1. Quick one: in segment 152-170, of everything that is in contact (Cβ under 8 Å) with a residue 60 or more places away in the chain and open to solvent by 10 Å² or more (accessible area, probe 1.4 Å), which residue is farthest from the chain's Cα centre (by Cα)?
2. Within segment 83-103, track down each residue that is touching a helix residue (DSSP H, G or I) at 6+ places or on another chain (Cβ under 7 Å) and open to solvent by 60 Å² or more (accessible area, probe 1.4 Å).
3. Please specify each residue of segment 119-151 satisfying the condition of being out of contact with any Ser or Thr (no Cβ under 9 Å at 6 or more places or on another chain), free of Cβ contacts under 8 Å to residues at least 40 places away in the same chain and polar (S, T, N, Q).
4. Please go through segment 174-201 and pick out each residue that is at pLDDT 90 or above, open to solvent by less than 30 Å² (accessible area, probe 1.4 Å) and not aromatic (Phe, Trp, Tyr).
5. So, residue 214, is that one open to solvent by 70 Å² or more (accessible area, probe 1.4 Å), modelled with pLDDT under 95 and over 23 Å from residue 81 (Cβ atoms) or not?
6. Please identify the pairs in which a residue from segment 10-39 that is open to solvent by less than 40 Å² (accessible area, probe 1.4 Å) has its Cβ atom under 9 Å from the Cβ atom of a residue that is basic (Lys, Arg), counting only partners at least 6 apart or on another chain.
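The values are calculated or read from the model by the stated rules, or taken from the named source; none is laboratory data. What you are looking at is a predicted structure, and each value in this text was computed from that prediction instead of being measured. Cβ atoms come from the backbone with ideal geometry, glycine included; neighbour counts cover every protein chain shown. Please note that ligands, DNA and RNA were not included when accessible areas were found on the heavy atoms of the full protein model with its side chains. Shrake-Rupley method; radii C 1.70, N 1.55, O 1.52, S 1.80 Å.
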Amino acid sequence: IMLNRSFCISAVFFDFDGTLTKPGALNFPLLKQTIGCPSHLPVLEFIDSLPTSPEKDNTVSLLERFETDAAANSEPNDGAESLIRYLGSKGIGMGIITRNRLTSIERALQNFETITSSCFDVIISRNTPVKPKPSGDGIRLAAQQLNLDVTEVLMVGDYIFDIQAGKSAGCLTAFLDYGTTSGDVKIDSDFTISHLEAIKEIPGLGFPLGGEEPAGPLG
């Protein structure tokens with residue numbers, strides 16, 4: 001998909017699990033079965049709906065155990081490290097916007113060879129006091145921290161919440177489509193990609209013909 005208008009991308013924000021990491025490290029059906037979450041409900045929203053009690057604390061502990069194991073077993077997604085190095089070399093800002101815990105992100109990044117948390121200018125996680133995706137608040141906060149207008153941001157993710165958050169925030173969106181989206185859910189993103197490295201082409205699409213590439217956020 002190509003937009004028929006000019007745009008300028010100064011930063012790329014990524015979902016983490018299933019986007020920068022290979023999908024499938026966390027077994028969501030088993031997690032939901034274990035904590036008693038109905039299949040149609042998102043896990044965090046289900047936990048929020050539970051009354052505060054030892055049962056709720058136990059459910060949170062079970063979720064965190066699943067997340068810890070998934071982080072330890074996760075692998076970098078194909079092209080993820082190359083893409084992060086490329087964007088960094090172009091002076092494009094980078095962020096992670098995730099519903100996961102910060103400790104799980106940091107653990108998963110240990111399985112990357114050349115990428116660490118210091119490669120990202122901002123990380124918005126479940127520990128950040130902001131509403132999680134599909135709310136756009138995390139994206140708006142991250143853009144604000146980088147002194148960017150949210151329209152200069154591209155949000156990349158493999159799930160509908162990532163695209164909904166981007167739309168809500170008012171930024172550009174790219175859906176990483178593994179071809180497994182089931183049912184009639186239409187992901188209405190600005191760009192649809194099947195491989196992370198396709199992101200390298202997107203910033204250059206936005207400049208008007210004959211226009212010079214503007215400096216990145218560090219320029």
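1. 152
2. Taking segment 83-103 and keeping what is touching a helix residue (DSSP H, G or I) at 6+ places or on another chain (Cβ under 7 Å), we get 83-84, 86, 88, 92, 94-101.
Scanning segment 83-103 gives a single hit, 86.
3. 128, 144, 145
4. To start, the set of residues in segment 174-201 that are at pLDDT 90 or above comprises 174-177, 189-201.
Add one more test, that the residue is open to solvent by less than 30 Å² (accessible area, probe 1.4 Å), and what stays is 174-176, 189-191, 193, 196, 199.
Residues satisfying the conditions are 174, 176, 189, 190, 193, 196, 199.
5. Numbers: open to solvent by 70 Å² or more (accessible area, probe 1.4 Å): no; modelled with pLDDT under 95: yes; over 23 Å from residue 81 (Cβ atoms): yes.
So residue 214 fails the test.
6. Cβ pairs passing all conditions: 15/99; 15/133; 16/99.
So that you can scan it fast, the table gives a plain yes or no per residue for (1) among the hydrophobic types (A, V, I, L, M, F, W, C); (2) under 16 Å from residue 93 (Cβ atoms); (3) out of contact with any helix residue (DSSP H, G or I) (no Cβ under 6 Å at 6 or more places or on another chain); (4) modelled with pLDDT of 95 or more:
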position	(1), (2), (3), (4)
111	no, no, yes, yes
114	no, no, no, yes
121	no, yes, yes, yes
134	no, no, no, yes
164	no, no, yes, yes
171	yes, yes, no, yes
203	no, yes, yes, no
208	no, no, yes, no
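Residues checked against (1) outside any helix (DSSP H, G or I); (2) at pLDDT 95 or above; (3) among the basic types (Lys, Arg):
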{"residue": "25", "(1), (2), (3)": "yes, no, no"}
{"residue": "37", "(1), (2), (3)": "yes, yes, no"}
{"residue": "48", "(1), (2), (3)": "no, no, no"}
{"residue": "52", "(1), (2), (3)": "yes, no, no"}
{"residue": "55", "(1), (2), (3)": "no, no, no"}
{"residue": "64", "(1), (2), (3)": "no, yes, no"}
{"residue": "68", "(1), (2), (3)": "no, yes, no"}
{"residue": "71", "(1), (2), (3)": "no, yes, no"}
{"residue": "78", "(1), (2), (3)": "yes, yes, no"}
